[in-house]
Amino acid sequence: MHLPPLPENAIDIAAEASDWRAAVTLAGDALARSGAATPAYSREMIRMIEEHGPYVVIAPGLALAHARPGPEVLADGLAIVTLATPVNFGHPHNDPVSVVLGLAIKTVEQHLAVVAAVANVFNDSTAIAELAAATSAHEVRQIMGVAE
Amino acid sequence: MKIVTICGAGIGSSGILKVNAERVLRKLDISATVVAADIASVASVAADAQVILTSAEFVDAIGKTFADVIVVENYFDTAELTEKLEAALG
């Protein structure tokens, strides 16, 4: 089980976002930079949250932004945005969010192997705080277990 | 036994719940099939399920069901999942 590619250009450290839409858009921008998605993918991720609510805040401080596989997804990919100032998504328990994980998945068949790899990282309860405090893309890749 | 995990897209969050529920069930020595699905297909996928795992946002949309609906707050906290699954299945 391997994480999708998380190149350094898909990592945005201590970014400024005024609200949750801006934070999700930063994750979409990062996925577009790494070639995993088109810029339109941000809108799809935002639409999922508008439609279904802030359930994507799946752990304290962490949002898993994603949409369904579709024409906006070019390849499997992961992006990580850490926020200089945490933002609220409106979640009853897990706000405010300091780390946004952007996930692009090309085909539904692969998604369980991908999310299992994500779960492996975050089942360690210290991972979110470590990511929020990371000061370089290299450090983020180390925490995620993908650094060379 | 069948357990269904529900999220908006049927991938991503529900997949994480499925993976972690399977890990917890293995530790509890409970055999069950865990299926990840999106909220739009809950009525058909969960028709024969004993347990539905999901977030608070989806409880209303799941509507009437014979299954135990368990709301999970932290998807990565296997201790929370263990406690809630044990309470529902024990």
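The values are calculated or read from the model by the stated rules, or taken from the named source; none is laboratory data. All values derive from a computational prediction rather than experimental measurement. Cβ atoms come from the backbone with ideal geometry, glycine included; neighbour counts cover every protein chain shown.
Quick check: anything in region B:64-76 more than 8 Å from chain A (Cβ to nearest Cβ), outside any helix (DSSP H, G or I) and surrounded by fewer than 14 Cβ atoms within 10 Å (Cβ to Cβ)? Can you show your working first?
In the first step, residues of region B:64-76 are kept if they are more than 8 Å from chain A (Cβ to nearest Cβ); the result is B:64-72.
Imposing the further condition that a residue be outside any helix (DSSP H, G or I) reduces the set to B:64-72.
If we keep only those that are surrounded by fewer than 14 Cβ atoms within 10 Å (Cβ to Cβ) too, we end up with B:64, B:66.
So far as region B:64-76 goes, yes, one or more of its residues are more than 8 Å from chain A (Cβ to nearest Cβ), outside any helix (DSSP H, G or I) and surrounded by fewer than 14 Cβ atoms within 10 Å (Cβ to Cβ).
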Item to complete: Answer yes if at least one residue in region A:96-106 is within 14 Å of B:Asn74 (Cα to Cα) and of a type outside the set (D, E, K, R), and no otherwise.
Response: yes
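If you take the residues of region A:1-28 that are within 11 Å of the chain's Cα centre (by Cα) and assigned to a helix (DSSP H, G or I), which of them is nearest to A:Val87 (Cα to Cα)?
Quick first cut of region A:1-28, residues within 11 Å of the chain's Cα centre (by Cα) only: A:6, A:10-12, A:23-28.
Checking the rest, the ones that are also assigned to a helix (DSSP H, G or I) come to A:10, A:23-28.
Details: A:Ala10: 20, A:Ala23: 8, A:Val24: 11, A:Thr25: 13, A:Leu26: 13, A:Ala27: 14, A:Gly28: 16 Å.
Filtering region A:1-28 for residues that are within 11 Å of the chain's Cα centre (by Cα) and assigned to a helix (DSSP H, G or I), the one nearest to A:Val87 (Cα to Cα) comes out as A:Ala23.
The rows are residues; the columns are (1) touching an Asp or Glu at 6+ places or on another chain (Cβ under 8 Å); (2) more than 14 Å from every other protein chain (Cβ to nearest Cβ).
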| position | (1), (2) |
| --- | --- |
| B:Thr5 | no, no |
| B:Leu17 | no, no |
| B:Asn20 | no, no |
| B:Leu28 | yes, yes |
| B:Asp38 | no, no |
| B:Asp48 | no, yes |
| B:Ile62 | no, no |
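Taking the stated definitions as given, is A:Pro69 within 14 Å of chain B (Cβ to nearest Cβ), closer than 22 Å to B:Glu80 by Cα and touching a helix residue (DSSP H, G or I) at 6+ places or on another chain (Cβ under 8 Å)? Explain how you work it out, then say what you get.
Working: within 14 Å of chain B (Cβ to nearest Cβ): yes; closer than 22 Å to B:Glu80 by Cα: no; touching a helix residue (DSSP H, G or I) at 6+ places or on another chain (Cβ under 8 Å): yes.
Considered against the rule, which asks whether it is within 14 Å of chain B (Cβ to nearest Cβ), closer than 22 Å to B:Glu80 by Cα and touching a helix residue (DSSP H, G or I) at 6+ places or on another chain (Cβ under 8 Å), A:Pro69 comes out as no.
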Practice prompt. Within region B:42-62, work out how many residues are of a type in the set (A, V, I, L, M), in contact (Cβ under 8 Å) with a residue 12 or more places away in the chain and assigned to a loop (DSSP other than H, G, I, E, B).
Written response: 2
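Residues B:Ala88, B:Ala79: which one is in a helix (DSSP H, G or I) and either of a type in the set (S, T, N, Q) or modelled with pLDDT of 95 or more (or both)? If you could, list the steps in order and put the result at the bottom.
Working: B:Ala88 fails: either of a type in the set (S, T, N, Q) or modelled with pLDDT of 95 or more (or both).
None of the others qualify; the one that does is B:Ala79.
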Worksheet item: Where in region A:77-148 are there helices (runs of 4 or more DSSP H), lying wholly inside it, with at least 1 residues that are away from chain B (no Cβ under 13 Å)?
Response: A:127-133, A:137-143
